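Take a look at the structure below.
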């Protein structure tokens with residue numbers, strides 16, 4: 001669905017934002033770009049919707065170079081969720097969600113009707129439809145952001161640390177809801193985070209980036225846990241949540257993720273579709 005072909009981003013001062021990354025993002029799956037600040041994960045993701053132009057290399061979307069696609073049409077065809085939701089503060093919830101369909105010519109009444117359906121999908125009460133973003137909680141704003149990103153039925157959803165500013169309980173709820181939503185809709189998701197647990201929970205594939213935009217390793221969560229490519233990956237995976245060393249064990253047909261003290265952190269087990277994985281928080 002998405003292919004990065006040896007993409008680089010080098011800024012005028014010589015700083016390397018992304019250093020020659022080749023990566024495939026499979027259709028109907030979630031790929032997580034995992035790395036610390038300065039690893040180039042957001043820069044790489046923004047190449048997909050042409051918010052960042054690579055210095056060299058190409059980004060292909062459904063086999064077509066995004067560089068030759070009209071920018072406005074491309075961006076309207078891709079859902080995009082930011083950490084703060086990116087909502088228009090002067091528009092009510094229902095109109096925030098209906099923005100792109102209306103811009104694309106959908107009658108306002110029909111776009112608003114669909115917005116209410118999307119509110120149901122992301123767990124928002126219709127009573128919130130007339131509120132402004134400032135009148136919502138952080139979790140509600142992020143749900144509106146997801147609904148707006150889905151309003152034009154995108155095949156690709158870009159998510160840039162969307163849950164990073166939320167409290168742990170709300171964040172866990174939204175992670176679970178996103179995973180369920182992706183299964184139901186089959187959307188291709190490219191998700192950026194610095195959080196290892198979040199990456200392993202959501203990602204069918206996880207790409208670990210190091211400082212300077214270098215791809216350190218790409219694989220399933222199981223592969224990263226059991227066979228890290230080098231010391232950097234091993235340390236990074238173990239660094240989250242108190243520098244734990246994570247590993248997997250077999251239990252009741254599932255691969256259970258545990259820390260060095262044997263505490264369960266989550267499970268990785270084969271799904272019913274023959275290939276996807278169902279990750280559940282413990």
Filter the range 1-14 for residues that are in a loop (DSSP other than H, G, I, E, B) and touching a residue at least 12 places away in the same chain (Cβ under 8 Å) and give the result.
1
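Residue-wise test of (1) within 21 Å of the chain's Cα centre (by Cα); (2) surrounded by 14 or more Cβ atoms within 10 Å (Cβ to Cβ); (3) in a helix (DSSP H, G or I); (4) modelled with pLDDT of 95 or more.
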site	(1), (2), (3), (4)
36	yes, no, no, no
44	yes, yes, yes, yes
49	yes, yes, no, yes
53	yes, no, no, yes
85	yes, yes, no, no
90	no, no, no, yes
95	no, yes, yes, yes
117	no, no, yes, yes
Meets criteria (without any contact (Cβ under 8 Å) to a residue 60 or more places away in the chain, farther than 12 Å from residue 80 by Cα and in the same structural domain as residue 43 (by TED's automatic domain parsing)) for residue 125:
no
Scanning the range 119-136 residue by residue, those surrounded by 13 or more Cβ atoms within 10 Å (Cβ to Cβ) and part of a helix (DSSP H, G or I) turn out to be 119, 121, 128, 133
Just name the residue that is nearest to residue 205 (Cα to Cα) out of those in the range 219-231 that are touching a helix residue (DSSP H, G or I) at 6+ places or on another chain (Cβ under 8 Å) and in a helix (DSSP H, G or I).
221
Taking the range 15-34, which residues are without any contact (Cβ under 8 Å) to a residue 24 or more places away in the chain and outside any strand (DSSP E or B)?
15
Does any residue in the range 143-172 that is outside the structural domain of residue 113 (by TED's automatic domain parsing) come within less than 6 Å, Cβ to Cβ, of a residue that is in a loop (DSSP other than H, G, I, E, B) and buried (at least 24 other Cβ atoms within 10 Å of the Cβ) six or more places away or on a different chain, and which pairs are these?
171/163
Report, by residue number, each residue of the range 229-239 that is in contact with a strand residue (DSSP E or B) (Cβ under 7 Å, 6 or more places away or on another chain) and surrounded by 20 or more Cβ atoms within 10 Å (Cβ to Cβ).
236
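The values are calculated or read from the model by the stated rules, or taken from the named source; none is laboratory data. This one's a predicted model, so the numbers in the text were calculated from it and none came from an experiment. Reconstructed Cβ throughout: ideal geometry from the backbone, glycine too, with neighbour counts over all protein chains shown.
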